[in-house]
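Below is one structure; the comments refer to it alone.
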Amino acid sequence: MKLLKNVLHKGALCDIGIEDGRIAAIAAAGELSGEGCDFGGAKVYPGLIDTHTHGCIGHDTMDRELAEMSEYYLKCGVTTWYPTTMTVSGEDIIAATRVDLSNIGGANIPGFHLEGPFINVKYKGAQNERFVVAPDMELIGKCDKVKKITVAPEVEGAMEFIRECK
């Protein structure tokens with residue numbers, strides 16, 4: 001077991017044991033055995049989860065440059081993130097989600113977030129209304145690894161789509 005030694009957790013000095021990338025044990029400082037780094041009483045915080053991010057450091061989810069973004073996010077304290085697509089053509093959304101996530105280091109990517117194209121034109125914000133379409137299970141079936149979808153529940157066919165996505 002790897003240890004984070006002498007960290008301040010809930011106001012007390014402790015050691016945190018890590019196995020297979022997960023917290024396996026938390027105990028008073030000196031009670032766990034294993035090798036690790038002494039943090040000298042530094043506070044410990046959980047990693048952040050970003051469920052809606054289009055990109056960073058000059059890269060965008062739509063460009064499929066996820067490896068550098070994942071490394072950057074991890075350095076900033078984000079341990080999990082969902083690359084978020086834009087309202088663009090179905091072909092571009094499919095292409096953006098067809099990325100092998102298994103070899104990407106850095107912050108964990110459990111899947112993609114589709115922000116559109118199943119939105120309401122009236123509330124589209126910065127999304128391109130030319131690509132707004134009715135909710136479509138066929139499109140979702142062609143996208144890989146989608147875990148989150150922004151959908152306007154008030155548009156035609158949305159409630160049926162939502163039920164089908166369960």
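The values are calculated or read from the model by the stated rules, or taken from the named source; none is laboratory data. The model shown is predicted, which means the values in this text are computed figures rather than measured ones. Reconstructed Cβ throughout: ideal geometry from the backbone, glycine too, with neighbour counts over all protein chains shown. Note: areas computed on protein heavy atoms with side chains; ligands, DNA, RNA excluded. Shrake-Rupley method; radii C 1.70, N 1.55, O 1.52, S 1.80 Å.
Computed quantities for the displayed model
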read-out: Probe 1.4 Å, protein heavy atoms only - accessible area per residue of the chain in square angstrom; value: 60
read-out: Stretch gain in nm, segment residue 94-residue 160, where the contour uses 0.36 nm per residue and the Cα spacing is subtracted; value: 21.6 nm
read-out: Stretchable slack from residue 23 to residue 130, in nm (0.36 nm times residue separation minus alpha-carbon distance); value: 33.9 nm
read-out: Unit charges on C-beta of K, R, D, E only; dipole of the range 1-113, Debye; value: 420
read-out: Calculated [θ] (222 nm, deg cm²/dmol) that DSSP helices of n ≥ 4 give over the chain, each run adding -39,500 (n - 2.57); value: -5000 deg cm²/dmol
read-out: Relative contact order %, the chain, counting alpha carbon pairs below 8 Å whose residues are six or more apart; value: 16
read-out: For the range 117-163: rounded, prolate or oblate by the Cα gyration tensor [a/c cutoff 1.5]; value: oblate
read-out: Listed candidates [x] 27, 20, 13; [y] 30, 20, 15; [z] 40, 16, 14 - label of the one calculated as semi-axes √(5λ) of the Cα gyration tensor in Å; value: [z]
read-out: Accessible area in the full protein assembly, largest first, 1.4 Å probe, for 52, 59; value: 52, 59
read-out: Inter-label distance, nm, simple model (7 Å from Cα along the C-beta direction), residue 103/residue 68; value: 1.8
read-out: Pairs from 43/145; 10/148; 142/166; 10/147 whose Cα-Cα separation, in the structure shown, is over 23 Å; value: 43/145; 10/148; 10/147
read-out: Accessible area, probe 1.4 Å, largest first, for residues 22, 98; value: 22, 98
read-out: Candidates per GluC sites (Glu not before Pro) in the range 82-164, loop by DSSP, up to 15 other Cβ within 10 Å; value: 154, 156
